[in-house]
Amino acid sequence: MTADAALGRTVQVTLPDRWHRRERPAHGIVVAARPRTVPVSGYCPEVVVACTPVADDLRTWREEAVAALSVQLPDFALEEADEYLLGDHVVAYRLFAHRFGTVDVLSEQWAWLVGGLGVTLTCSVAREDYPTFCDLFEAVAGTVEVVG
């Protein structure tokens, strides 16, 4: 899947074949995808790719984003934070938990900063379903390319 992004760049990502996709469902969101069936947990996993102009460096941008999430999401807890090379770019990885109603949700978030364009891939799932989806989420992250 290829989507035009801001600042003359393009974001490419390969989403799971059988997942329902919504392109540009909201401002700043390039694509969102969900499986066609909901796991027994009752919480539907979701993959969201978003873009935004960023004036800061990668670390500052992500620290500010995590601080904002900690205020917005009930019972927010940052469980893992790392930066590493994925493809040609440094990626900031965050694993965090929060509540959605009574569901304990885990979200994996990868973030790229390329020429002033911030791209995030956020994959969310009920904690109990995480072992089923974590490899799929990592595979999707491995396909993200910011070009241009």
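The values are calculated or read from the model by the stated rules, or taken from the named source; none is laboratory data. Keep in mind it's a predicted model, so treat the numbers as computed, not measured. Cβ placement follows ideal geometry from the backbone for every residue including glycine, while neighbour counts extend to all protein chains displayed. Just so you know, the surface numbers come from the protein's heavy atoms only, side chains and all, with ligands and any DNA or RNA stripped out. Shrake-Rupley method; radii C 1.70, N 1.55, O 1.52, S 1.80 Å.
Ordering VAL119, TYR84, HIS20 by Cα displacement along the dipole of the range 2-147 toward the positive end leaves HIS20 in first place; charges were set at the Cβ atoms of Lys, Arg (+1) and Asp, Glu (-1). Net charge dipole, the chain: roughly 600 debye, given to the nearest 20, about the Cα centre with Cβ charges of +1 for Lys and Arg and -1 for Asp and Glu. When exposed loop sites are taken as trypsin sites (Lys or Arg not before Pro) in a DSSP loop with at most 15 other Cβ atoms within 10 Å, the longest stretch of the chain clear of them is 37-148. Applying 1/(1 + (r/R0)^6) with R0 = 35 Å to the Cβ-Cβ distance of ALA26 and ASP82 gives a FRET efficiency near 0.80. Here ARG59 and GLN12 are evaluated by their C-beta separation; at R0 = 30 Å the FRET efficiency comes out at 0.75.
Between ARG36 and THR132, the modelled labels are 1.6 nm apart [label points 7 Å from Cα along Cα→Cβ]. Rolling a 1.4 angstrom probe over the protein heavy atoms with all chains in place gives the chain an accessible area of 52 Å² per residue.
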